[in-house]
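Working notes, structure below.
The values are calculated or read from the model by the stated rules, or taken from the named source; none is laboratory data. Remember, predicted model here, so these are calculated numbers, not experimental data. Heads up, the Cβs are rebuilt from the backbone with ideal geometry, glycines too, and the neighbour counts pull from every protein chain shown. Heads up: the accessible areas ignore ligands, DNA and RNA and are worked out on the full protein's heavy atoms, side chains in. Shrake-Rupley method; radii C 1.70, N 1.55, O 1.52, S 1.80 Å.
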Amino acid sequence: MNRCRVAAWLVLLVCFDAFAIDPGKDPVPSVMWSFFQQKFLNGQPYVFDDKILVRAPPFAEDARQVPIEIDARAYQGQVVRILAWAELNPLPQIVDFEPLDRVQPWLSIRIRIEQATPLRAAALTRDGVWHIGSTTIEAAGGGCTAPSVVRTQPGWEEHLGEVLGARFPRGDYSRLRVQVSHPMDNGMVSGIPEFYLDQAQLTDASGTLLARLQLFPAVSENPTLSLDIQGAGETRLSLRDISGNPFSAVIP
Amino acid sequence: MRRLSLLWLLLLAPAALADMDYHLQPRQIAEGTYLLEGSTENFARSNGGNIVNTGFIITDSGVVVIDTGPSHRYGEALRKAIAAVTDKPVIQVLLTHHHPDHVLGNQAFADVAIGALAGTTAQMRAHGDALAENLYRMVGDWMRGTETVLPTQVLQTGVLEIGGHPLRLLALAGHTGSDLTILDERTGVLFAGDLLFYQRALTTPDSPGLQVWLADLERLQALPWKLLVPGHGPLASDASPFEQTRDYLTWLDALLREGAVQGQDMNELIASPIPARFGSISLTRYELIRSVSHLYPAYERVRMARVDER
């Protein structure tokens, strides 16, 4: 009897589990999905979700500076982490973003792409499910292996870590936009080793952590980043590159 | 059955190749002056890159060709089309700017003086091969054998007198940084190059600034022209191409400026509504995406300040 009940529970659990992880249909053609799903999502439950918006132009006019926008505001207040990657890039990962306090689950950033590729954003909600937003982009290619523009400018080292930034009121929130001078060398251009910004943190005037970002070398040189934040007040951006150089900026 | 369709394919493939003919039809637009009007589409395998206007003037001393088209094949076809109209030799090529759809027919004119502004030659030397490669990608086999041939002669501004046609040359900059326009003072035909687009959205990626382009339009419009040959789109005898190009530039400039003031991102701008009055213009969305990608960074930097802690 007992054994019977256990078996019944097991069957139920298996059914429930199968139901909970039905991911639906992948909206973009992809040969790499299962690889990335195992690599980045560690086999955790996920769903393809058209409420997670990944916006990009239909084609990459400049493969070294492709603007992408990730919008998970449909799950406002529930998103703990967002991962993004370009599936057919030699260096696919773009960003690992944790919107913590007052920062919306929205992000725009410019990236490099090497060829036409699916783009993915995976938003992890508090219930432990990854919500996958997808789009594709066409490209003539070569964005990752193109020589750096920054390095052709004489004296670029002196501008390393300079930050242009501003806050733009947008109704009940404001947008922080920054552009950081950095070559973001991805190691794919002959003779130039990896040298890129990998850590970024946003804090308020009292030191409360608002958001944490890990950047990857798919991010374009002179990274251009926008975040939407609720409430006013000074915001500090702290950055670090893989050589350990710290940079910081205060956006009024 | 399958074998049969394979046979068909084999039969059709050379036929498709044989049909790669530009069917160029020179149209007389003024005394001794002919236009070869391309489509207002984008580069495609279906049009072989013939999306451009070229022209020629039959003077007393020979034929002056204005732009040579997108490929070696086009250049050859242009030369044949000229020979069908006149026995006079081609003696001069004038290139309006370095873009591949205007200069890649040069190979067919290797025996003729090919004139361009100094800046145009420099741009062709720096970017010619990359631009040609991109056209190979977009129009395919039509491009076979096409190579960049650099100009052989540096043009100066002023009046170039050829066989009874005083050609007034102007060096402008709005479209690529080095843009030649040619006004034939005998006929009043103005070959405006790509400073004028008509019913086809403007290509802006190499523009040094939309304000520069707008200033060029003022200078051009003030010339004593009677007929306008835009770089792309139909011929006009009134100022409509000026009005449309100016209207579009002004709109685009304001869109980018206003977007930067509001802190918009590129993807928002790319999705901006395109005013209904531009409904007759082809490729507006496509060109807006290109314009935003290339021009917006300069607009957004103006609206940001140094905020790093030094």
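Which residue is farthest from the chain's Cα centre (by Cα), if the candidates are limited to segment B:112-149 and must be among the polar types (S, T, N, Q) and outside any helix (DSSP H, G or I)?
So, considering only residues that are among the polar types (S, T, N, Q) and outside any helix (DSSP H, G or I), the one farthest from the chain's Cα centre (by Cα) is B:146.
So which of A:101, A:62 is more than 23 Å from residue A:38 (Cβ to Cβ), open to solvent by 10 Å² or more (accessible area, probe 1.4 Å), of a type in the set (Asp, Glu) and touching a Leu at 6+ places or on another chain (Cβ under 7 Å)?
On the way: A:62 fails: touching a Leu at 6+ places or on another chain (Cβ under 7 Å).
The match here is A:101.
Inside segment A:188-252, counting only strands (runs of 3 or more DSSP E) that do not spill past its ends, which hold 2 or more residues that are in contact with a His (Cβ under 9 Å, 6 or more places away or on another chain)?
Details: elements: A:197-204, A:209-215, A:224-230, A:235-241, A:246-251.
Answer list for segment A:188-252: A:235-241.
Do you know which of the residues in segment A:65-86 that are surrounded by 16 or more Cβ atoms within 10 Å (Cβ to Cβ) and of a type in the set (Gly, Ala, Ser) is farthest from the other protein chains (Cβ to nearest Cβ)?
A:74
If I go through segment B:54-76 residue by residue, how many of them are open to solvent by 10 Å² or more (accessible area, probe 1.4 Å) and not hydrophobic (A, V, I, L, M, F, W, C)?
Summing the residues that are open to solvent by 10 Å² or more (accessible area, probe 1.4 Å) and not hydrophobic (A, V, I, L, M, F, W, C) in segment B:54-76 gives 5.
Being open to solvent by less than 20 Å² (accessible area, probe 1.4 Å) and more than 7 Å from chain B (Cβ to nearest Cβ) is the filter here, so list the residues in segment A:164-178 that pass it.
Those that are open to solvent by less than 20 Å² (accessible area, probe 1.4 Å) and more than 7 Å from chain B (Cβ to nearest Cβ): A:174, A:176, A:178.
Results for (1) crowded, with 20+ Cβ neighbours inside 10 Å; (2) over 18 Å from residue A:85 (Cα atoms), shown as yes or no for each residue.
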position	(1), (2)
A:137	yes, no
A:148	no, yes
A:159	no, yes
A:190	no, yes
A:214	no, no
A:231	no, yes
A:238	no, yes
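Being surrounded by fewer than 24 Cβ atoms within 10 Å (Cβ to Cβ), without any contact (Cβ under 8 Å) to a residue 40 or more places away in the chain and of a type in the set (A, V, I, L, M) is the filter here, so list the residues in segment B:170-219 that pass it.
Scanning segment B:170-219 gives a single hit, B:212.
Suppose the filter is open to solvent by 20 Å² or more (accessible area, probe 1.4 Å), within 23 Å of residue B:100 (Cβ to Cβ), out of contact with any Phe, Trp or Tyr (no Cβ under 8 Å at 6 or more places or on another chain) and among the β-branched types (Val, Ile, Thr); does residue B:157 pass it?
Against the criterion (open to solvent by 20 Å² or more (accessible area, probe 1.4 Å), within 23 Å of residue B:100 (Cβ to Cβ), out of contact with any Phe, Trp or Tyr (no Cβ under 8 Å at 6 or more places or on another chain) and among the β-branched types (Val, Ile, Thr)), residue B:157 does not qualify.
Matching residues to (1) facing chain A (nearest Cβ under 9 Å); (2) surrounded by 17 or more Cβ atoms within 10 Å (Cβ to Cβ); (3) within 25 Å of the chain's Cα centre (by Cα); (4) not in a loop (DSSP other than H, G, I, E, B):
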position: B:277; (1), (2), (3), (4): no, no, yes, yes
position: B:280; (1), (2), (3), (4): no, no, yes, no
position: B:287; (1), (2), (3), (4): no, yes, yes, yes
position: B:290; (1), (2), (3), (4): yes, yes, yes, yes
position: B:295; (1), (2), (3), (4): no, yes, yes, yes
position: B:300; (1), (2), (3), (4): yes, yes, no, yes
position: B:310; (1), (2), (3), (4): yes, no, no, no
